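Novice: One structure follows; several queries about it will come next.
Where a number appears in this text, it was derived from the coordinates with a stated rule and is not lab data. This one's a predicted model, so the numbers in the text were calculated from it and none came from an experiment. Here Cβ is always computed from backbone atoms with ideal geometry, including for glycine, and neighbour counts include all displayed protein chains.
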Amino acid sequence: MEYTAKLDEAIARLHEEGRYRTFIDIERTNGRFPHAMWRRPDGSEQPITVWCGNDYLGMGQHPVVLQAMHEAIDAAGAGSGGTRNISGTTVYHKRLEAELADLHGKEAALLFTSAYIANDATLSTLPKLFPGLIIYSDALNHASLIEGVRRNGGAKRIFRHNDVAHLRELLEADDSAAPKLIA
């Protein structure tokens, strides 16, 4: 098998389908949220406003957050040292989980590396815990939800975007005793 040719074909197909991803290089400056500088491949620069990021409230540049980060780095160094399964669960993780659980009036909380991973892990795990679970997913859900639903191996129903009547129709067509989740 010619691996290079196969990989080249796959990349060409991504280009043809308009799904080939390229990354833009941005440089954020502390205190300038949500403004940044776009550094183009040709070396030119353009000021931009970043509204598509996940730092919705600019907390990544908040002085109190930065001070807490500096204190943690000074006390323990940078990085967790491994995944949570081996040596990467720190007292800081446990303290934050306890604080989040308390904030939300829950018994416990669990941190994930990202919301994407949390959604994917939850939706791909629940059908194993609840046999026969049917997941109903909006056709235009976030990729993390779609991937979790796709990987779960269980029953899934896709309803038209924001179409409650279609969702109701799908719900009514299924066994009323079956466990259900709307994602």
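Novice: List, in order, the whole-Hz ³J(HN,Hα) value for each residue of region 170-183 obtained from phi through the Karplus relation with A = 6.51, B = -1.76, C = 1.60 and θ = phi - 60°; use x for Gly and Pro.
Specialist: 5, 4, 5, 6, 9, 4, 5, 7, 6, x, 9, 9, 9, 9
Novice: Picking from Thr122, Phe112, His70, whose Cα lies most toward the positive end of the charge dipole for the chain (charges on Cβ: Lys, Arg +1; Asp, Glu -1)?
Specialist: Final value for the positive-end residue is Thr122.
Novice: 222 nm [θ] for the chain, helices only, -39500 (n - 2.57) per DSSP H run of 4+, per residue, to 500?
Specialist: Rounded to the nearest 500, it is -13000 deg cm²/dmol.
Novice: Which chymotrypsin sites (Phe, Trp or Tyr not before Pro) does region 1-81 hold that lie in a coil by DSSP with at most 14 other beta carbons within 10 Å?
Specialist: Here the sparse-neighbourhood loop sites are Tyr20, Phe23, Trp51, Tyr56.
Novice: Between Ala155 and Tyr92, how many nm apart are label points set 7 Å from Cα along the C-beta direction?
Specialist: 4.5 nm
Novice: So which of Lys6/Lys128; Lys106/Lys180; Lys94/Lys156; Lys106/Lys128 end up more than 25 Å apart by C-alpha?
Specialist: Pairs exceeding the cut-off: Lys6/Lys128; Lys94/Lys156.
Novice: Evaluate the Debye formula for region 115-182 with equal point scatterers sitting on the alpha carbons, no solvent, and hand back log10 of I(q)/I(0) at q = 0.12, 0.27 Å⁻¹, in q order, two decimals.
Specialist: With one equal scatterer per Cα and no solvent, log10 I(q)/I(0) is -0.28, -1.20.
Novice: Can you divide the C-alpha Rg of the chain by 2.2 N^0.38 Å and report the result to two decimal places?
Specialist: 1.38
Novice: Please report, in debye to the nearest 20, how large the charge dipole of region 1-76 is about its Cα centre when each Lys and Arg carries +1 at its beta carbon and each Asp and Glu carries -1 there.
Specialist: I would put it at about 200 debye.
Novice: State, to one decimal in nm, how far the label point of Asp74 lies from the label point of Thr29, with both points 7 Å from Cα in the Cβ direction.
Specialist: Here the modelled spin labels are 2.7 nm apart.
Novice: Here's something else I'd like to know. Within region 90-112, whose backbone N sits under 11 Å from a point 7 Å along Cα→Cβ of Met59?
Specialist: Within reach of a label on Met59, which here means backbone N under 11 Å from a point 7 Å along Cα→Cβ, region 90-112 contributes 100.
Novice: Calculated FRET efficiency, Arg21 and Leu66, Cβ-Cβ r, R0 25 Å, to nearest 0.05?
Specialist: It comes to 0.25.
Novice: Using a/c under 1.5 as the rounded threshold, could you call region 3-49 rounded, prolate or oblate? The axes a ≥ b ≥ c are square roots of the C-alpha gyration tensor eigenvalues, and prolate needs a/b larger than b/c, oblate otherwise.
Specialist: It comes out prolate by the Cα gyration axes.
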